[in-house]
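Trainee: First the structure, which I've put down as C-alpha cells, then a few questions once you've had a look.
Taken together, the values in this text are just the output of simple stated rules run on the coordinates, not laboratory data. If you're wondering where the values come from, they're calculated on a predicted model, not measured in any experiment. Glycine also receives a Cβ, built like all others from the backbone with ideal geometry; neighbour counts cover every protein chain displayed.
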Amino acid sequence: MLQPMSQFDDHDAFEAAARPSLSQRAMTGRAAPYLDGLNPAQRLAVETLDGPVLLLAGAGTGKTRALTTRIAHLLMQGRATPGRILAVTFTNKAAREMKERVARLMGETVEGMPWLGTFHSISVKILRRHAEMVGDGQVHLKSSFTILDTDDQIRLLKQLIAAENIDDKRWPARMLAGLIDDWKNRALTPSRVPEGESHAYDGKGAKLYAQYQRRLLELNAVDFGDLLLHCVMIFQAHPDVLAQWQDRFRYILVDEYQDTNVAQYLWLRLLAQAHRNICCVGDDDQSIYGWRGAEVGNILRFEADFPGAQVIRLEQNYRSTPHILAAASGLIAANKGRLGKTLWTEHTEGEKVRLIGHWDSEAEARWIGEEIEAFHGGHRHSVGRRSLNDIAILVRASHQMRAFEDRFMTIGLPYRVIGGPRFYERQEIRDAMAYFRLAVSPTDDLAFERIVNTPKRGLGDKAIQTIQREARAEGLSLLEGAAAVVASGALTGKGAANLRQFTQFMGRWHADALDSTVNHVELAERILDESGYTAMWQNDRSPDAPGRLDNLKELVKALEEFDNLQGFLEHVALVMDASESEQAEEVSIMTLHAAKGLEYPIVFLPGWEDGLFPSQRSMDESGLKGLEEERRLAYVGLTRAEKLATITFAGNRRMYGQWQSSLPSRFIDELPEEHVEVLTPPGLYGGGFGAAAQVMGQPFAQSAMHDRASRADVYNSPGWKRMQERAAVRPAPSHRPPIVIDAEPAARFAVGDRVFHQKFGTGSVMGIAEDTLTVEFPAGFKTIKAAYVQPASDAASDDAPF
DNA sequence: AATACCTTTGTTTTT
DNA sequence: CAAAGGTATT
C-alpha cells in the first residue's frame, strides 16, 4: 500500500513562499553574516555539505552552533527547503533548542523545521503513515495507534507472565520489560532473539516477547522501542517506501551520535544510504549511555560505514578554563580506543580543579553548602559574586542528592533537583491521562484497567475478572464488557452500581470528546470532578495530596495549549518533560547523566569514591568497558564547569542504613596533579590533639581515636597519600598531624583493620555499621560492638603517614 | 475489598 | 534507612 506523494505537502505552501528570497540571497554571493565568528573547523563543518561527515565535537566546542549554522547554510544556499532536512536529536530539549537557534539564525524567514525532532517523534510521524504495514495477515496496526507508557507495559507483561505460569517473583515483569527494550534497541524481533538469551523466564523469554508484540497489535498500541523498530522493519521490507523517504530527506543531521543504539543506527543508515548526505555529530568521550544500549562502536566505525567520510574535529573549547580542560583531558586519556581529540582554549586565567576529602557524606554536604554560601555572598573573589543559578552539584547516583537536600533545607539554601520524577510520570497525572485516554478511545483497555477502580469503586480482582471474561467471550473492549456485565446483572451490590455510573459517565465523556463544540479544557475538568478523582485527593490526608491536586490543575492548564484532547495525548506520550520555567535563584542538583549538554560556571562533583564512582556495579557487570564509561562520566562532569570545578570525596557514607567506609576514587589518582589543588578539610586541624579537642569541646581520648580512624581508611590510601604529598610541596597549613574532629565515635576502625577481642582473638574487620563491627575471626563472622574490640597490637605503627 | 503489617531491596534514564 | 511490594488480617 503505497502512500501518494501528496502526503508530503505539510509545508510546501510555505516553502514556495520562502524560496525566492532564499535564492536571491544565495545569488548575491556575499559571505553570509551567519557565518561570521565561526572558527575554521566550525566553518568547514558548516560548508562541507555533500557526502558523509563525521563531526567530532569535544565538550564545549560549539557543536550546537555548528549544527544549527549548517542547517541555516543548507537553507540559505538553496540546497534544501526546511521540509527536506532531517535533523535528529535524542531529547526534546535538544530539539527545542536547535529549533530556536535555527530560527534565530534565519531571522523571521523560516517558520519551522518539520523534521527536526527526536528519533521517536520523527518515527511516530513516519509510522502513522505506514501503520498498516505492521502486523500479520490477521491483525495490523492502525494509524491511530497509541503509545504505551511504562506502567501499561508492565501491567501487560505481568498478565502474560501469569498466563505462562511463571513465578513473577523470580522473573519480574520489570526485568522482562528491560530485556524486551534491550532487544528492541538492538533491532531484534522475537524470532531473531539469539538462543542463549532466552534462558530467563524458564526459557520462554523470546516467546513472551512474541506474545507481547501480539498483544500490542491487538491493542493497536506500540511501545517506545517499537517506534524505531517498526520503521526499520518497514524500510527493510518495502524498498518503495524507503525510497520515498530517502528522496524526502536530502540532508540528514544527527546530534549525539555516540549515543545511538543499533536500531537507530539502522534507521539512519537506511535513510542515508542513497544520497549519503549525512552529518553525524558526536563525541566518543561523552558516550555514557552504553548501559542503555548505546553503541560507541557506531561512532568509532563511522568511516568504515561511510567510506570517504570526512572527519572534522572541533577542538577549540569555549567553555572551560585551561586547568579544568587539562584535568579532564588528562583523565580521559586513560581510556583506550578513543578517536582522540586535543581540546585547547584561548583562555589563560583560571583556578585549578579543587580536591577535598571529608569525614563523611554529611560533612561533605555541609562543606559544599558553606562554599556555595560563600560564592553567593561574593566572599570568593576569584569567581566574583555568583548567582545560585550559576552553581551545580553533579552526583553519580541519585541517592547522593539526599544529603544535599537535607543540608540545604536546614540552612535555607534554595535548590532545585533536575531530572527527578518527571511531571508526566507522576501517579496522579498518569491516572488523569488514563481517564482522558479512555474518553478519547473507549477501546483503550490498558487505560480502563488503570482507572476502573481509581478512585475506589469497590471493584476488586473478582469483579475485574468477570469483566475481562465477558469482554473476551464477546470480543468486546473492557469498557464495553463492563457495560455488558452491568446490564446482565452478573455483578451485584455497591460495585455494580458504581460501575454502572462509571460506564455511563464514560459514554458521555466520549461523546463530548468527539464533539468539537465542547471545550476540551472544561471537559477535562469535568471528567476529573465527575469521576470522583479530584475528590479522592481532596479527601486524602497524606502530606503530598495538596501537591498532587496542584499538579492536576497544572495538567488542565497545559491542555489550553492544544486544540483537543487527542492532540494533547499525542504530545504527552512523546514529550515527557514538564514545563521547567523556574526562574528563581536556585542551586541545581542533578545526576551526571542529566548534566550532559549543560554548563555551569561553578560545579561541585561530590562522591568520588571507589565503588560509588566508579560504580561497583558498572565494573562488575561490564568490566573494563564499564570502568571506561564511568571515566567518561567523570569527563562529562568536569567539562560542565566553566570557571571552577571542585571534586569531593567522603571517607564514610551511609548506605542502606549502614555506614560504609570507602577509598577515594581511582579517578582522583588519574587527574594530572599540576592542574589540581588539594584543599584541607575543615575537620582536619593542624594545632595538635589538645588544641583541637579543646576547640571542639571533646574529650582528648576520643579525638585521638578519631585521628586513628581517619588515617586507617580514607587518608591511608595510595591516592590520598599522593595528594597529601602534592599538598605538602605548597605552603602547608601545618606539619603537625591533622586530626578529625567530628568523627563518628564508632568508626575508629576501617574495613580491613586487624582487631583483637577477648574471647574471639584476632580478626579482621569486614563491615562497619554505626557502633557495631562485622569481624571475621578464626571462629567465623561475628557482629560485635566496637567498644569490645581494640586494634590488634601493631597496626598503628605502619599507617602513620603524617 | 480494603487496610495494616511485614518482607525485600536497593545505579545511571530518554523516549 | 526508606520505599515498595506482598502477605495477613479485618
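Trainee: Just how far, in whole angstrom, is the stretch A:398-455 from the stretch A:91-110 if you go by their alpha carbon centroids?
Mentor: One Cα centre to the other: 29 Å.
Trainee: Pop a pseudo-label 7 angstrom from the Cα along the beta-carbon direction at both A:Ala545 and A:Arg402 and give the gap in nm to one decimal.
Mentor: 2.6
Trainee: I've got another one for you. On a full-extension model of 0.36 nm per residue, what is the gain between A:Tyr656 and A:Glu561, subtracting their alpha-carbon distance, rounded to one decimal in nm?
Mentor: My answer for the length gained is 29.8 nm.
Trainee: In nanometres, what is the gap between the two model label sites at A:His199 and A:Glu425, each 7 Å from Cα along Cα-to-Cβ?
Mentor: 3.0
Trainee: Using the per-residue mean of other Cβ atoms lying within 10 Å as a proxy for protection, in what order, highest first, do the peptides A:412-423, A:150-161, A:114-125 fall?
Mentor: So the peptides A:412-423, A:150-161, A:114-125, ranked by packing, come out A:114-125, A:150-161, A:412-423.
Trainee: Using 0.36 nm per residue, how much length does the chain from A:Arg276 to A:Arg104 gain when fully extended, once their Cα-Cα distance is taken away? It would help to have the intermediate numbers written out before the result.
Mentor: Details: separation 172, 0.36 × 172 = 61.92 nm, distance 2.79 nm.
Here the answer is 59.1 nm.
Trainee: Quick check on packing: order A:330-340, A:537-547 by the mean number of other C-beta atoms within 10 Å, highest mean leading.
Mentor: A:330-340, A:537-547
Trainee: How do the peptides A:253-260, A:429-436 rank, highest first, by the average count of neighbouring beta carbon atoms within 10 Å per residue?
Mentor: Details: A:253-260: 26.1, A:429-436: 21.9.
Ranked by mean Cβ neighbours within 10 Å, highest first: A:253-260, A:429-436.
Trainee: Estimate the FRET efficiency between A:Asp182 and A:Glu349 by the formula 1/(1 + (r/R0)^6), using the beta-carbon distance for r and 45 Å for R0, to the nearest 0.05.
Mentor: Rounded to the nearest 0.05, the efficiency is 0.45.
Trainee: Taking the Cα-to-Cβ direction at A:Gln790 and at A:Ser143 and moving 7 Å from each Cα, how far apart do the two end points lie in nm?
Mentor: Simple spin-label model gives 8.6 nm for this pair.
Trainee: I need the calculated FRET efficiency for the pair A:Glu522 and A:Leu624, taking r as the beta carbon distance and R₀ as 45 Å, to the nearest 0.05.
Mentor: On the way: r = 59 Å, r/R0 = 1.31.
About 0.15, to the nearest 0.05.
Trainee: Under 1.5 on a/c is rounded, so check that first for the stretch A:75-225, then, if it is not, pick prolate when a/b is larger than b/c and oblate when it is not; a ≥ b ≥ c are the square roots of the alpha carbon gyration tensor eigenvalues.
Mentor: Prolate, because a/c is 1.5 or more and a/b exceeds b/c.
Trainee: To continue, here is another question. Using r as the Cβ-Cβ distance of A:Arg301 and A:Lys494, and R0 as 45 Å, what FRET efficiency do you calculate, to the nearest 0.05?
Mentor: 0.10
Trainee: Oh, and also: Students often get this wrong: which residues of the stretch A:123-165 have the backbone nitrogen under 13 Å from the point 7 angstrom along Cα-to-C-beta of A:Thr443?
Mentor: From the stretch A:123-165, the list is A:139-146.
Trainee: Taking the Cβ of A:Glu621 as the center, what net charge do the other residues with Cβ under 14 Å away carry, scoring Lys and Arg +1 and Asp and Glu -1?
Mentor: Net local charge, A:Glu621 excluded: -2.
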